[in-house]
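Scroll down for the structure; my scribbles are underneath it.
The values are calculated or read from the model by the stated rules, or taken from the named source; none is laboratory data. Bear in mind the structure is a predicted one, so any value in this text is a computation, not a measurement. Cβ: placed from backbone, ideal geometry, glycine included. Neighbour counts: every protein chain shown. The accessibility values were calculated without ligands, DNA or RNA, using every heavy atom of the protein model including side chains. Shrake-Rupley method; radii C 1.70, N 1.55, O 1.52, S 1.80 Å.
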Amino acid sequence: MSRPVYFDYNATTPVDPAVLQAMLPYYEDRFGNASSVTHIYGWEAEAAVKEGRRRVAALLGAPPSQIVFTSGATESNNAIFFSLSQTLRSKGSHIITSSIEHKCVLNCCKFLQETGFRVTYLPVNAEGFVNPEDVEKSICDDTILISIMMANNEIGTLQPIAQIGKIARSRGVLFHTDAAQVVGKIRFNLNEMPIDFLSLSAHKMYGPKGVGALFVKPIHLMQKCPFIQGGGQEKGMRSGTLNVPGIVGFGKACEIAADSLDEEVIRQFKMKKLLYQMLSAEIPELLLNGSLENSLPNTLNVSIPLTDSVKLLSHLKNQFSLSTGSACTSTDQEYSHVLKAIGRNEREGKSSLRISFGKFTCANDIECLATEIIRYTHANNTHLSIK
Ligand SMILES: *Cc1c(COP(=O)(O)O)cnc(C)c1O
């Protein structure tokens, strides 16, 4: 039996075969520690890290010196909140974020609240957008950080990051964005954007799991409070032996993305529109969660009221692998905090499907998935489809 077609790229992506090939020598002969300075094993590893850093930086339009390697976007996000809250405590104790952030950001904020910080969770509109005016109005004298994700992992909404960053800069507040879902999917250039910190992850863009990065513009500020103490790697900010094969794979994934991304954006947007058209034509009660236009080209989130999405996914499981929402929250009994924030009620929230695909998905996969969802919905909601 063949394996189900994968439609959960926002949870993780398959490793590109070229990425794996690039990594393998660093598990074999070139296994050195990048901090060993007395022999060739160390020099090879150090050179590989340098090249990986250059490639990651090139995709972002950032100087390599501002890239700090981490274990992934969760660590990068944690690093920002814990390091800055320590370093800037004397300047203030107010943080602004949104109500639809990834759980790792929301839980950092919750923890900081317990230690005396004030956190403003900005609402979003029905399509999932933060209003930049709300950001402006929420800034206080003691605001030390604004953290708004670049794109939402569940509904794909792309936030007006450049506008928000401009506001932050004009008011002298540091600005962080979680771009785990955007890097490698949509091209942007940090050189032209008012962003101080940005989190990213390799396994969301065809790289290996367990490696990511934090772009840090104010390096000296970050160095005041290292987020992992130890041997002083990563300019003292993040100690620990570097994940050399992971960094090599991450760099290769960035290089591949830089070459193929523009064509993929167009191809994937077409597939998303095809999927939405097929579903909405046959399922009149279908609700779109998020925005069709201003969102990730690979992400479609819909609710089919009266269809229990857990049952639908179970029906599909031998043919298609997809999820109801975020991989980190989909085991909860509660429905998604993101769908709640855009105004979906419990019934709508519990009938949601997050369909996310990528460069290994073809239009035929999309058509087969749509056909099967439509067939199940018609068979189970007879009273709706008869009229
Ligand atoms: C996947 C994801 C994360 C977590 O990244 P890891 O590298 O798995 O820790 C954080 N934020 C967003 C928006 C994500 O999609």
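From the list LEU242, LEU275, LEU261, which one is within 30 Å of THR377 (Cα to Cα), in contact (Cβ under 8 Å) with a residue 12 or more places away in the chain and out of contact with any Cys (no Cβ under 9 Å at 6 or more places or on another chain)? Just one listed residue meets the conditions, LEU275. Of all positions in region 182-203, at least one carries a residue that is free of Cβ contacts under 8 Å to residues at least 40 places away in the same chain and touching a Leu at 6+ places or on another chain (Cβ under 8 Å). Looking across region 257-268, just one residue is of a type in the set (A, V, I, L, M, F, W, C) and over 18 Å from the mean Cα position of the chain (by Cα), and that is ILE266.
Which one is most open to solvent (accessible area, probe 1.4 Å) among residues in region 71-114 that are among the small types (Gly, Ala, Ser) and more than 12 Å from the ligand (Cβ to nearest atom)?
Among residues in region 71-114 that are among the small types (Gly, Ala, Ser) and more than 12 Å from the ligand (Cβ to nearest atom), the one most open to solvent (accessible area, probe 1.4 Å) is SER90.
Taking region 305-343 as the range and being modelled with pLDDT of 90 or more, among the small types (Gly, Ala, Ser) and within 17 Å of the chain's Cα centre (by Cα) as the test, the residues that pass are SER323, SER336.
Within the bounds of region 171-187, is there any residue that is away from the ligand (no atom under 14 Å from the Cβ), touching a helix residue (DSSP H, G or I) at 6+ places or on another chain (Cβ under 8 Å) and in a strand (DSSP E or B)? Yes: one or more hits. Take PRO17 and tell me if it is open to solvent by 10 Å² or more (accessible area, probe 1.4 Å) and within 29 Å of SER323 (Cα to Cα). Yes. Residue-level check: of (1) surrounded by 18 or more Cβ atoms within 10 Å (Cβ to Cβ); (2) over 24 Å from ASN191 (Cβ atoms); (3) hydroxyl-bearing (Ser, Thr, Tyr), TYR27 misses just (1). Taking (1) of a type outside the set (Val, Ile, Thr); (2) away from the ligand (no atom under 16 Å from the Cβ); (3) assigned to a helix (DSSP H, G or I); (4) more than 19 Å from the chain's Cα centre (by Cα) in turn, ALA126 satisfies each apart from (3). Among residues of region 20-38 that are outside any loop (DSSP other than H, G, I, E, B), those with a beta-carbon under 7 Å from a residue that is of a type outside the set (A, V, I, L, M) at least six positions away or on a different chain give the pairs ALA22/GLY249; ALA22/LYS252; MET23/PRO208; MET23/PRO245; MET23/GLY249; TYR26/PRO245. One residue is enough: does region 153-162 have a residue meeting the conditions surrounded by fewer than 15 Cβ atoms within 10 Å (Cβ to Cβ), free of Cβ contacts under 8 Å to residues at least 60 places away in the same chain and within 18 Å of the chain's Cα centre (by Cα)? Yes, some residue in region 153-162 is surrounded by fewer than 15 Cβ atoms within 10 Å (Cβ to Cβ), free of Cβ contacts under 8 Å to residues at least 60 places away in the same chain and within 18 Å of the chain's Cα centre (by Cα). Mind listing whichever residues of region 210-240 are in contact with a Ser or Thr (Cβ under 7 Å, 6 or more places away or on another chain), part of a loop (DSSP other than H, G, I, E, B) and either open to solvent by 40 Å² or more (accessible area, probe 1.4 Å) or of a type in the set (Gly, Ala, Ser) (or both)? GLY210, LYS224, PHE227, GLN229, GLY230, GLY231, GLY232, listed by residue number. Of all residue pairs spaced 6 or more apart or on separate chains, those with beta-carbon atoms under 6 Å, a first member in region 64-87 that is over 27 Å from GLY249 (Cα atoms) and of a type in the set (Ser, Thr, Tyr) and a second member that is open to solvent by 10 Å² or more (accessible area, probe 1.4 Å) and within 16 Å of the ligand (Cβ to nearest atom) are SER83/PHE227.
Listed by first and then second residue, the pairs with beta-carbon distance under 7 Å, at least 6 apart or on different chains, first residue in region 123-139 and over 18 Å from LYS340 (Cβ atoms) and aliphatic (A, V, I, L, M), second open to solvent by 20 Å² or more (accessible area, probe 1.4 Å) and outside any loop (DSSP other than H, G, I, E, B), are VAL135/ILE167.
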